[in-house]
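Visitor: Here you go, one structure.
The values are calculated or read from the model by the stated rules, or taken from the named source; none is laboratory data. No experiment lies behind these values; they were computed from the predicted model shown. We place every Cβ from the backbone using ideal geometry, glycine too, and count neighbours over all the protein chains shown.
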Amino acid sequence: MSLLNLTNDGLPNVLAMLHAAVLRAGKPVLRDELLETVAPSSVVDDDGKMTRQTLNRWTELGLFRQEGDAITVNERPAGTRIAALELQRFTRRVACKCALAEENNADFWASESARAADLTRSLAWMMAQDVYRASFSDFEAQEAEQITDPELLLMRNSTRRNGLQYWAPFLGFSRHPHAAIDPTVAVRDVLPEILSPGQGMAAADFVGQVAWLLPVLDGGRYQKEVLAAMDPNALAPRNPGQLSTALSRALLCLRACGDIVMAQKSDTGSAITLTGAQGARHDLTFQWISRPAAGQSR
């Protein structure tokens, strides 16, 4: 099992259709009925193989649960009616939580039967890169230069890189082909779990909460483990409180969209400094992050 092997473990768009079908049903759905709904035998030409494999893998990972001959989900959105865009956001968030869950990354450096670890490792490595000098086509070469132990290489071939090119945008960590590395959507998805509208907190604490919920980003346990396996000189050094270009890009985008407000408050202690194309942006140093009150956001 390897999520980055699309041929064997399924596709993001198929996962989204399966998940939406079960959520809309509001109750367990017979497995065969679900497969036929998403991949009608009269339409698909692979006998539903990709749909079955996607369902199997994400049932193993815990997104779906099988009860006898029926399929249900372990988490449902609040309310009885949900708009299509909100449904897509919900699926993306629960899939991300599932992929990054500790139980699905227990053997973090496994090359076979990795569950979600190959995806998690690759995302953690991606999020540490310089977003202004990153391209999927260069990832294999960059990684080979940075990972000191060849046994720990993440993208040993183009198969895994291609898989990452599908899953990273789906989970909100990329806007390929416009920006290979951009976790704005993933960070936006976790905002409600960190702050309610009108609430704020110290910027350093906010970054810590992001790291807890998205541990492939700055300070997260998975990124720490990947960085420990890298040549310490592979990436430009950062000062205490200085964020990666990836997380900096996300926070700047969220500020521009009105999702968060970043402010300077000298009495709140530790500050964060964003990083741009030329390094630390000391003009973008903040001590406080908040969400606009309801009705004030975009």
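Visitor: Mind listing just one residue for me: the one in segment 36-60 that is in contact with a helix residue (DSSP H, G or I) (Cβ under 9 Å, 6 or more places away or on another chain), of a type in the set (A, V, I, L, M, F, W, C) and at pLDDT below 95 and, of those, nearest to ALA84 (Cα to Cα)?
Guide: VAL38
Visitor: So which residues in segment 20-68 are farther than 15 Å from ASP9 by Cα and either aromatic (Phe, Trp, Tyr) or part of a loop (DSSP other than H, G, I, E, B) (or both)?
Guide: Of all residues in segment 20-68, those farther than 15 Å from ASP9 by Cα come to 20-45, 47, 65-68.
Within segment 20-68, GLY26, LYS27, PRO28, ALA39, PRO40, SER41, SER42, VAL43, VAL44, ASP45, ASP47, GLY68 meet the criteria.
Visitor: Take the residues in segment 180-234 that are among the polar types (S, T, N, Q) and out of contact with any helix residue (DSSP H, G or I) (no Cβ under 9 Å at 6 or more places or on another chain), then tell me which one is surrounded by the fewest Cβ atoms within 10 Å (Cβ to Cβ).
Guide: Taking segment 180-234 and keeping what is among the polar types (S, T, N, Q), we get 184, 196, 199, 209, 223, 233.
Then keep just the ones that are out of contact with any helix residue (DSSP H, G or I) (no Cβ under 9 Å at 6 or more places or on another chain); that gives 196, 199, 233.
Values: SER196: 11, GLN199: 11, ASN233: 8.
Across segment 180-234, the extreme among qualifying residues is ASN233.
Visitor: While we're here: Cβ-Cβ below 6 Å, separation at least six or inter-chain, first residue in segment 206-233 and among the polar types (S, T, N, Q), second part of a loop (DSSP other than H, G, I, E, B) and at pLDDT 95 or above: which pairs?
Guide: That search, which allows pairs on different chains as well, returns GLN223/VAL216.
Visitor: Ok, one more. Can you name the helices (runs of 4 or more DSSP H) wholly within segment 71-176 that have at least 3 residues being out of contact with any helix residue (DSSP H, G or I) (no Cβ under 7 Å at 6 or more places or on another chain) and either at pLDDT 95 or above or charged (D, E, K, R) (or both)? Write out each step before concluding.
Guide: Values: elements: 84-100, 117-128, 139-146, 158-171.
Correct list: 84-100.
Visitor: Let me ask something additional. Could you run through segment 240-298 and say how many residues are crowded, with 18+ Cβ neighbours inside 10 Å, part of a helix (DSSP H, G or I) and of a type in the set (Ser, Thr, Tyr)?
Guide: Within segment 240-298, residues that are crowded, with 18+ Cβ neighbours inside 10 Å, part of a helix (DSSP H, G or I) and of a type in the set (Ser, Thr, Tyr) number 2.
Visitor: Does segment 30-59 hold any residues that are within 26 Å of ASP118 (Cα to Cα), loosely packed, with under 15 Cβ neighbours inside 10 Å and not charged (D, E, K, R), and which are they?
Guide: none
Visitor: It is to be established whether one or more residues within segment 225-247 are basic (Lys, Arg) and either modelled with pLDDT of 95 or more or within 18 Å of the chain's Cα centre (by Cα) (or both). Break it down into steps so the answer makes sense when it comes.
Guide: Quick first cut of segment 225-247, residues basic (Lys, Arg) only: 238.
Then drop every residue that is not either modelled with pLDDT of 95 or more or within 18 Å of the chain's Cα centre (by Cα) (or both), which leaves none.
No.
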